[in-house]
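The values are calculated or read from the model by the stated rules, or taken from the named source; none is laboratory data. The shown structure was predicted, so the numbers you read here are calculated from the model rather than taken from an experiment. Cβ placement follows ideal geometry from the backbone for every residue including glycine, while neighbour counts extend to all protein chains displayed. The area values use the complete protein model at the heavy-atom level, side chains included, leaving out ligands, DNA and RNA. Shrake-Rupley method; radii C 1.70, N 1.55, O 1.52, S 1.80 Å.
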Amino acid sequence: MGMTMTQKILAKHAGMSKVVPGQLIKVKLDMVLGNDITTPVAINEFEKAGFDRIFDREKISLVMDHFTPNKDIKAAQQCRQCRAFARRFDVENFFDVGRMGIEHALLPEQGLVKAGDLIIGADSHTCTYGALGAFSTGVGSTDMAAGMATGQAWFKVPEALSFRLTGELQENVTGKDVILHIIGMIGVDGALYKSMEFTGEGLKSLSMDDRLCIANMAIEAGGKNGIFPVDEITEEYMKGRVRGEWKCFEADPDAEYAAVYEINLSELRPTVAFPHLPENTRTIDQVGDVEIDQVLIGSCTNGRLEDMALAAGILEGRRVHDNVRAIIIPATQQVYKDCIRRGYIDTFIDAGCVVSTPTCGPCLGGHMGILAEGERCVATTNRNFVGRMGHVKSEVYLASPAVAAASAIRGRISDPDEIA
């Protein structure tokens, strides 16, 4: 029996020629990631265990992105603890206010993760980096602490699901629609502790930003990780960006999959996930009349430059509905600068949007866009659980930047193709 992409990466990092699903292995890590919420917990466990050194100052990334600029005293204390730790151990990749971005957009942009790497992060959406042909997954803060100290982690080798993509995306259909379609099809536990592996001719239709979005939401189907093979699009993204050489892994022809799904991208329509689970999907034609109070375009899922460009193209020359608050959050400082250069910021402000410094804030109900009782938000984020963005009786509808921008104009969930 052959191995999948994920299994080959795990075997390489375990120093083994072969691994099989269910096998317990110890692997060497290429990057350990934490943010301003999870890192303080990891630091406490690090110190409790008596560790007095980190395994590699260049292979730890600490990103202050969730509650920064600090929203309250507790957030300020947490970031202060992270700063002290970074200074104590001379952590090279410490990203604070003015340098930081949303972590899962920032690390690929900065070239800190690459094909063939094995990455853990104390954040569930660490699975994003599978878009680059890496194995990356979220862990708890205790595992992060052990990883920072030893450079190693334990894993159970996952089974895999194969998603074979054909066709090409139509206008105003994006990677967000692809992954929402998949989650709607298999459910939020359809890939539980499995690797979601994406292949097929349809990959040519997916930009790197599309792939990062899809891999980001693998966890919303219960996946251990999502992963794409390395092709010309991946290599073009990594050239001049990544540190060191990358290694490409391909699945063996006889690799075994727990299930195989065929998806024709040409048949997909803009898709919306209704409250309160990402699996509650409907195509834009099935949505009906849903009035909204807020739109959020940003997050580690959809805060990249292509997302900003798509939203700006729809908002240009138009105004946000009087009953809607529209919040735009570029995912990194570089994305913010590029938006300024391209005139997107002017477009957003002229349309009546507010534009924020990079932050995760509203996605997890932290700050910068909390919902009141009964309010509805169309968000380009990744989760719409009860109370996710504020009051337990508020509602979050997950969608692409195109649907979000169109909805901001109309004041109700809308088809971007119908914006004249």
- Message: Can you return the aspartates and glutamates within cross-link range of residue 247? Criterion is Cα-Cα under 13 Å, with same-chain partners fewer than 8 residues away left out.
- Response: 30, 117, 231, 235
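By average Cβ neighbour count within 10 Å, what is the ranking of 30-36, 323-329, 351-357 from highest down? Each step should come with its number before you reach the end.
Working: 30-36: 27.0, 323-329: 22.6, 351-357: 18.6.
Order by mean packing, descending: 30-36, 323-329, 351-357.
On the protein heavy atoms, probe 1.4 angstrom, tell me the percent of accessible surface of the chain carried by carbon and sulfur.
46
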- Would you mind pulling out the separation of the Cα centroids of segment 1-51 and segment 80-114, in Å? 20
- Gaussian network model of the chain, Cα springs within a sub-10 Å range: biggest mean-square fluctuation belongs to which of 266, 299, 141? 266
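Taking a cut-off of 28 Å, what percent of all Cα-Cα pairs in segment 252-397 are separated by more than that? Each step should come with its number before you reach the end.
Working: 2666 of 10585 pairs.
Every Cα pair in segment 252-397 considered, those over 28 Å come to 25 percent.
What whole-number volume per residue, in cubic angstrom, does the convex hull of the C-alpha atoms of segment 61-105 give? Write out the running numbers ahead of the final one.
On the way: hull volume 2.7 nm³, N = 45.
Value for segment 61-105: 61 Å³ per residue.
What does the highest-first list of 150-161, 387-398, 172-183 look like by mean Cβ count within 10 Å? Intermediate results must be reported in sequence, preceding the final value.
Values: 150-161: 18.8, 387-398: 20.4, 172-183: 27.1.
Descending packing order for the listed peptides: 172-183, 387-398, 150-161.
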- Message: Give me the percent relative contact order of segment 182-338, please, defined on Cα pairs under 8 angstrom at least 6 residues apart.
- Response: 21
- Which value does Rg/Rh take for segment 1-63 over its C-alpha atoms, Rh per Kirkwood? 1.09
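Scale the Cα Rg of segment 219-283 by the rule-of-thumb value 2.2 N^0.38 Å and send over the ratio, two decimals.
Taking the Cα Rg and dividing by 2.2 N^0.38 Å, one obtains 1.55.
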- May I ask you to evaluate 6.51 cos²θ - 1.76 cosθ + 1.60, the Karplus curve with θ = phi - 60°, for each residue of segment 133-145 and list the ³J(HN,Hα) values in order in whole Hz, giving x for glycine and proline? x, 10, 9, 9, 7, x, 9, x, 5, 5, 5, 4, 4
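Using the alpha carbon gyration tensor of segment 216-324, what are the three equivalent-ellipsoid semi-axes (square root of 5 times each eigenvalue), largest first, in whole Å? Don't jump to the answer; show the numbers that get you there.
Values: eigenvalues 218, 100, 35 Å².
Largest first, segment 216-324 gives 33, 22, 13 Å.
Charges only on Cβ, +1 for Lys and Arg, -1 for Asp and Glu: so what's the dipole of the chain about the Cα centre, in debye to the nearest 20? Before the final figure, lay out the partial values.
Working: 43 positive and 56 negative charges, 281 e Å.
Dipole about the Cα centre, nearest 20: 1340 debye.
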- At what distance in nm do the modelled label points of residue 56 and residue 286 sit from each other, each positioned 7 Å from its Cα along Cα→Cβ? 4.6
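Using helices alone, what [θ] at 222 nm do you get for the chain, with -39,500 (n - 2.57) per DSSP H run of 4 or more residues, divided over all residues and rounded to the nearest 500? Write out the running numbers ahead of the final one.
Working: 13 runs with 125 residues, N = 420.
Using -39500 (n - 2.57) per qualifying helix, the result is -8500 deg cm²/dmol.
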- With a 18 Å threshold on alpha-carbon distance, the violating pairs from 156/224; 8/114; 59/176 are 59/176
- Between residue 88 and residue 260, 0.36 nm times their residue separation minus their Cα-Cα distance comes to what? 57.1 nm
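Please give the per residue accessible area of the chain, computed with a probe of 1.4 Å over protein heavy atoms only, in Å². Can you show the working numbers first?
Values: 16100 Å² over 420 residues.
Using a 1.4 Å probe on heavy atoms only, each residue of the chain averages 38 Å².
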- What percentage of all Cα-Cα pairs in segment 125-262 are separated by more than 24 Å? 30
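Once the Cα gyration tensor of the chain is diagonalised, what are the square roots of 5 times its eigenvalues, in whole Å and ordered largest first, as equivalent ellipsoid semi-axes? Don't jump to the answer; show the numbers that get you there.
Numbers: eigenvalues 209, 140, 69 Å².
For the chain, the semi-axes come out at 32, 26, 19 Å.
Using the Kirkwood radius over C-alpha pairs as Rh, can you work out the diffusion coefficient of segment 1-133 via Stokes-Einstein at 37 °C, viscosity 0.692 mPa s, in µm² per second? Don't skip to the answer; put the middle values down first.
Values: Rh = 16.0 Å.
Using the Kirkwood radius from Cα pairs, D works out to 205 µm²/s.
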- Run the quick spin-label model on residue 99 and residue 417: label points 7 Å from Cα toward the beta carbon, then report their separation in nm to one decimal. 4.7
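Given a Förster radius of 25 Å and the C-beta distance between residue 248 and residue 156 as r, what FRET efficiency does 1/(1 + (r/R0)^6) yield to the nearest 0.05? Walk me through the intermediate numbers first.
On the way: r = 25 Å, r/R0 = 0.98.
Efficiency for this residue pair is about 0.55.
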